[in-house]
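**Q** First the structure, which I've put down as structure tokens, then a few questions once you've had a look.
The values are calculated or read from the model by the stated rules, or taken from the named source; none is laboratory data. Since this is a predicted model, take the numbers as computed values, not measurements. So basically every Cβ, Gly included, is an ideal-geometry build from the backbone, and we count neighbours across all protein chains shown. The accessibility values were calculated without ligands, DNA or RNA, using every heavy atom of the protein model including side chains. Shrake-Rupley method; radii C 1.70, N 1.55, O 1.52, S 1.80 Å.
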Amino acid sequence: MAYTAEQISQALKTTSCILPDSNRQITYLAMDSRKLIHPEETLFFTLKGSLHDGHTFIPDALEKGVKNLVLEQIPEYLPSDINVFKVEDSLQALQEIASWHRSSFPNLMTLAITGSNGKTTIKEWLYQMITDRQIVKSPKSYNSQTGVALSLWQIRQGDQLGIFEAGISTIGEMSQLEAMIKPDIGLLTTLGDAHASGFQSLEEKLSEKLNLFNHCKTIIYNADDDLIDTTIRQRYPERSLMSWGHKASSSLFQILSTSVHNHQTFVRVAYQNQTLDWVIPFADTASVQNALHCIAVMLVLKVDMPMIQEGLYQIQNIPMRLELKFGINNNILVNDTYNADLQSLKIALDFLDQQAGIKEKVVILSEFLQTGMHPEAFDRALADQIHAHQVQKVIGIGEGIAGLQRFLDKNIHFVQAKSVEVFLDNLAQYQLRDQAILIKGARIYKLEKITQALSDKAHTAKLETDLQAIEHNLRVFSRHLPGNTRVIAVIKASAYGSGSEELAKFLEFKKVTCVAVAFVDEGVQLRKAGIRLPIIILNPDKNGIAEMVKYQLEPEIYDLYQLKEFISYLGDHTRNFNIHIKLDTGMHRLGFTEEGLEDLCDTLQTHRHQIRVQTIFSHLSSSEDPADDTFTHQQARVFQQYYAYISDKIGYQPGRHILNSSGIIRFPEYHFDFVRLGLGLYGIDGTGIFADKLEKVHTLKASVVQVKNVRASETIGYNRRGKPSKDGQIAVINIGYADGLMRLAGNGNYQVRIQGSDYPIIGSVCMDLTMVDIGINSGITAGDEVTIFGKDLPIETLAKACQTIPYEILTRISGRIKRSYVNE
């Protein structure tokens with residue numbers, strides 16, 4: 001849906017507009033100059049955040065063809081043909097535009113979902129289950145102050161139901177979201193500890209979330225939570241309160257009984273003077289609760305009962321995030337097979353761009369269903385996305401995708417398979433090798449079969465890295481820094497086990513200043529993957545000098561002999577080769593000490609045209625330990641003395657940094673020019689101060705390969721160390737000490753999680769396998785997923801059981817454990 005620039009001006013109610021072309025059509029909203037599809041039809045917002053100021057990206061937006069800008073300061077260099085909307089607050093302007101657009105559809109029934117957990121899952125399941133009306137919904141987890149605005153902009157003529165998420169992190173945010181969404185129905189999922197850091201209490205948090213429902217006609221919630229039930233009844237006595245749960249007072253339906261069998265939950269409820277039985281295809285508590293929320297919404301919307309039960313059969317516990325996997329034939333796979341709409345395609349293609357590097361980009365695409373657009377217009381929009389992201393090959397799945405081909409440029413190779421089965425039968429002919437492949441489409445086509453066929457299956461245990469959590473943690477630390485302090489992302493030891501290449505691509509896309517790795521070969525790998533960021537080598541070897549020069553890697557220099565070796569190799573022809581000087585201020589590891597500073601400075605001066613010192617830095621020995629704070633301050637004083645001496649002698653002031661993740665938190669007075677963010681980026685806080693603000697990034701998963709009965713009289717594992725306390729069952733899981741699960745975790749010292757419950761390891765951890773005591777009648781079967789550590793099972797717990805630190809747990813994870821990456 002398009003508006004004119006004049007209409008946008010009226011919606012913003014600002015008189016500070018310069019409109020050389022007031023009739024110019026505006027169809028799209030954007031705040032990232034790297035993600036423009038139709039720049040001439042885009043309204044570009046210069047948002048200010050903790051990491052960047054959008055005004056700095058105006059030149060890039062203009063170069064790409066943007067003609068409409070919303071900004072807070074007008075730069076002098078703007079061309080005369082640009083429509084300018086000057087506002088006090090760009091974010092507020094974005095929200096005003098979204099609210100104005102939403103108001104153009106007064107008859108759209110709108111459901112707003114909030115809560116600590118389950119928002120995205122419930123929204124996506126409802127989208128799958130409700131098939132009798134046209135639905136517009138939030139893409140992925142677009143539930144923030146900007147995400148909600150962009151979600152609402154998707155509303156088009158013909159939409160009958162809007163489903164939008166709303167997420168908050170502190171007081172005062174929800175009223176802005178409520179004003180934009182204007183919901184008719186409100187759904188509160190849960191009230192857990194997620195994002196609790198911005199609130200003084202659960203009561204305060206609940207009160208803020210309930211602001212979303214201030215003008216709702218109907219509110220849906222689980223009455224089993226006494227705090228939620230009591231608060232909503234007292235606050236909204238005149239509303240239609242549709243509660244469900246075990247309480248007899250539940251107004252929508254009452255749960256009479258539940259039972260679990262073969263990974264399904266059988267629920268009997270009392271509803272409108274009748275007894276109903278529902279079968280939910282999950283056994284874990286969270287999924288069952290999410291499904292019951294979906295049922296409650298469908299009952300309120302008066303969806304037919306047969307459609308509700310059919311919908312329950314169809315839903316699966318599908319990943320709600322983009323997943324990056326390693327594939328056969330040196331391919332990388334972006335798996336996004338659970339939904340199909342234009343906005344989620346754009347998000348997926350952006351992610352493909354981030355990760356492709358120098359690989360050719362391929363999209364395997366099915367027909368999209370329920371788009372609400374004319375097929376020809378939709379195919380044209382699909383083609384526009386494919387062109388904008390420079391995809392080289394498109395493989396269409398199904399009959400309905402054929403119309404796309406006529407809108408594709410001739411240089412894009414298009415092939416079609418009538419079905420997934422036909423594609424798999426002829427897999428070899430598609431020549432999928434050394435490529436970055438996005439697999440995307442409607443659930444009905446079951447494209448997950450293609451993902452499975454193309455995935456590397458050498459080992460089913462995997463380490464999952466949540467890229468959105470990394471972005472969140474980066475933002476948390478950035479907000480703690482002054483505006484002139486920049487972040488060096490430390491991704492040594494293969495990004496603490498995560499995989500440095502994939503993470504570096506993501507961090508580069510997020511405009512991190514530079515990255516640091518341990519060894520030369522890690523830096524070379526990143527350059528070969530297409531990473532253009534400055535790369536610091538923290539432990540350079542003299543045998544790697546040639547490669548450092550060839551690939552423009554920046555070494556840490558820690559003694560004079562090493563410096564002279566570099567200078568000797570550079571000769572007289574190299575100019576301004578970047579280095580970083582390491583100082584030893586008391587840790588007594590690598591670095592120049594006081595007696596070496598004079599010779600260092602003389603050498604730097606003599607070769608000032610060949611060598612350029614980018615930064616001078618040191619390392620604190622005990623930044624996380626309050627008992628050593630006196631020594632930490634002494635190190636900082638020594639560092640500043642050494643730095644002042646060097647910068648005076650060489651005649652310029654390189655950047656300074658001394659803080660790691662713990663130091664960033666505890667010593668803001670030493671933030672200086674740069675900080676080194678390593679383990680904190682992954683949600684691990686050695687100080688405990690930021691623990692409730694950070695999100696866990698890593699999840700290590702395995703699978704149950706066999707379940708067997710054991711008697712109390714029997715023993716389990718090597719040296720018969722496992723001794724059951726009673727008759728029961730054990731599960732054998734496919735991970736062992738060769739994968740990084742330390743032997744100290746065995747013999748009851750640690751518990752893994754299966755189907756939402758924790759079970760102790762029994763006996764010794766073996767090289768490739770581990771046995772788990774699962775008791776009696778657990779319902780666990782071969783193939784079940786096992787969580788070793790993750791978001792709700794902290795890695796710190798495993799580290800404590802193994803008498804070590806999280807660093808060692810992560811870096812021990814074997815290369816044979818497959819890495820995958822997910823992104824909202």
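**Q** Report yes if some residue within the stretch 92-108 is open to solvent by less than 20 Å² (accessible area, probe 1.4 Å), farther than 30 Å from Cys216 by Cα and not in a loop (DSSP other than H, G, I, E, B); otherwise report no.
**A** no
**Q** Condition (residue is surrounded by 15 or more Cβ atoms within 10 Å (Cβ to Cβ) and basic (Lys, Arg)) applied to the stretch 627-640: is it met by at least one residue?
**A** Scanning the stretch 627-640 turns up no residue that is surrounded by 15 or more Cβ atoms within 10 Å (Cβ to Cβ) and basic (Lys, Arg).
**Q** Something else: Return the residue satisfying two criteria in turn: it lies in the stretch 674-695 and is hydrophobic (A, V, I, L, M, F, W, C) and open to solvent by less than 30 Å² (accessible area, probe 1.4 Å), and of such residues it is farthest from Ser623 (Cα to Cα).
**A** The selected residue is Leu694.
**Q** Turning to a different aspect of this structure: Looking at the stretch 225-242, can you tell me whether even one residue there is at pLDDT 95 or above and within 30 Å of Asp784 (Cβ to Cβ)?
**A** No, there is no match, as no residue in the stretch 225-242 is at pLDDT 95 or above and within 30 Å of Asp784 (Cβ to Cβ).
**Q** Suppose we filter Ile358, Ile347, Ile401 for residues that are of a type in the set (A, V, I, L, M, F, W, C), touching a Pro at 6+ places or on another chain (Cβ under 7 Å) and outside any strand (DSSP E or B); which single one remains?
**A** Only one candidate passes the filter, namely Ile347.
**Q** Another question, if that's okay. Going through the stretch 767-817 one residue at a time, which ones are open to solvent by less than 20 Å² (accessible area, probe 1.4 Å), over 30 Å from His261 (Cα atoms) and in a loop (DSSP other than H, G, I, E, B)?
**A** Cys802, Ile813, Ile817
**Q** Can you say whether Ser820 is of a type in the set (S, T, N, Q) and open to solvent by less than 20 Å² (accessible area, probe 1.4 Å), as far as the supplied structure shows?
**A** Yes.
**Q** With Asp773, Asp792 as the choices, which residue is within 26 Å of the chain's Cα centre (by Cα) and among the acidic types (Asp, Glu)?
**A** Matching residue, one of Asp773, Asp792: Asp792.
**Q** What are the residues in the stretch 431-445 that are surrounded by 15 or more Cβ atoms within 10 Å (Cβ to Cβ) and out of contact with any strand residue (DSSP E or B) (no Cβ under 9 Å at 6 or more places or on another chain), if any?
**A** Arg443
**Q** If I filter the stretch 452-471 for residues that are more than 30 Å from Gly49 (Cα to Cα), among the basic types (Lys, Arg), at pLDDT below 90 and open to solvent by 30 Å² or more (accessible area, probe 1.4 Å), do I get at least one hit?
**A** yes
**Q** While we're here: Determine which member of the set His671, His698 is surrounded by 13 or more Cβ atoms within 10 Å (Cβ to Cβ) and under 30 Å from Gln640 (Cα atoms).
**A** Exactly one of His671, His698 is surrounded by 13 or more Cβ atoms within 10 Å (Cβ to Cβ) and under 30 Å from Gln640 (Cα atoms), namely His671.
**Q** Within the stretch 343-377, track down each residue that is touching a residue at least 40 places away in the same chain (Cβ under 8 Å), among the charged types (D, E, K, R) and more than 30 Å from Ile531 (Cα to Cα).
**A** Across the stretch 343-377, the qualifying residue is only Glu367.
**Q** Considering only the stretch 551-579, how many residues are under 10 Å from Pro540 (Cβ atoms) and either in contact with an Asp or Glu (Cβ under 6 Å, 6 or more places away or on another chain) or among the hydroxyl-bearing types (Ser, Thr, Tyr) (or both)?
**A** Residues in the stretch 551-579 being under 10 Å from Pro540 (Cβ atoms) and either in contact with an Asp or Glu (Cβ under 6 Å, 6 or more places away or on another chain) or among the hydroxyl-bearing types (Ser, Thr, Tyr) (or both): 1 in total.
**Q** Restricting to the stretch 274-294, name every residue that is small (Gly, Ala, Ser) and closer than 18 Å to Ser778 by Cα.
**A** The answer is Ala283, Ala286, Ser287.
**Q** Then there is this: For the stretch 131-178, enumerate the residues that are of a type in the set (D, E, K, R), closer than 21 Å to Ile444 by Cα and part of a loop (DSSP other than H, G, I, E, B).
**A** Across the stretch 131-178, the qualifying residues are Asp132, Arg133, Lys140.
**Q** Now for a separate question. Regarding the stretch 192-204, can at least one residue be identified that is surrounded by fewer than 20 Cβ atoms within 10 Å (Cβ to Cβ), assigned to a helix (DSSP H, G or I), modelled with pLDDT under 95 and over 26 Å from the mean Cα position of the chain (by Cα)?
**A** Scanning the stretch 192-204, I find at least one residue that is surrounded by fewer than 20 Cβ atoms within 10 Å (Cβ to Cβ), assigned to a helix (DSSP H, G or I), modelled with pLDDT under 95 and over 26 Å from the mean Cα position of the chain (by Cα), so the answer is yes.
**Q** Against the conditions (1) free of Cβ contacts under 8 Å to residues at least 60 places away in the same chain; (2) open to solvent by 10 Å² or more (accessible area, probe 1.4 Å); (3) more than 16 Å from Ile444 (Cα to Cα); (4) of a type outside the set (Asp, Glu), where does Ile386 fall short? Just the number, please.
**A** (2)
**Q** Out of curiosity, is Leu62 of a type in the set (A, V, I, L, M) and touching a helix residue (DSSP H, G or I) at 6+ places or on another chain (Cβ under 8 Å)?
**A** No.
**Q** Is it the case that Glu165 is closer than 18 Å to Leu301 by Cα, open to solvent by less than 10 Å² (accessible area, probe 1.4 Å), modelled with pLDDT under 90 and not basic (Lys, Arg)?
**A** no
**Q** Would you check if there is a residue in the stretch 356-364 being among the basic types (Lys, Arg) and crowded, with 21+ Cβ neighbours inside 10 Å?
**A** yes
**Q** For the stretch 214-259, how many residues meet the condition of being open to solvent by 60 Å² or more (accessible area, probe 1.4 Å) and of a type in the set (A, V, I, L, M, F, W, C)?
**A** Residues in the stretch 214-259 being open to solvent by 60 Å² or more (accessible area, probe 1.4 Å) and of a type in the set (A, V, I, L, M, F, W, C): 2 in total.
**Q** So which strands (runs of 3 or more DSSP E) stay within the stretch 530-621 end to end and still have 2 or more residues that are among the aliphatic types (A, V, I, L, M) and touching a His at 6+ places or on another chain (Cβ under 8 Å)?
**A** It comes to 611-617.
**Q** Is the stretch 287-306 home to any residue that is exposed (fewer than 14 other Cβ atoms within 10 Å of the Cβ) and among the hydroxyl-bearing types (Ser, Thr, Tyr)?
**A** no
**Q** Could you list, in sequence order, the residues of the stretch 717-766 that are part of a helix (DSSP H, G or I) and open to solvent by 50 Å² or more (accessible area, probe 1.4 Å)?
**A** Of everything in the stretch 717-766, those that are part of a helix (DSSP H, G or I) and open to solvent by 50 Å² or more (accessible area, probe 1.4 Å) turn out to be Tyr718, Asn719, Arg720, Tyr737, Arg743, Leu744.
**Q** What's the total number of residues in the stretch 360-378 that are at negative phi and either of a type in the set (S, T, N, Q) or modelled with pLDDT under 90 (or both)?
**A** Looking only at that region, the number is 11.
**Q** Here is a further query. So if I check each of Leu345, Leu352, which one is within 12 Å of Ala436 (Cβ to Cβ), open to solvent by less than 20 Å² (accessible area, probe 1.4 Å) and of a type outside the set (S, T, N, Q)?
**A** Going through Leu345, Leu352 in turn, just one is within 12 Å of Ala436 (Cβ to Cβ), open to solvent by less than 20 Å² (accessible area, probe 1.4 Å) and of a type outside the set (S, T, N, Q): Leu352.
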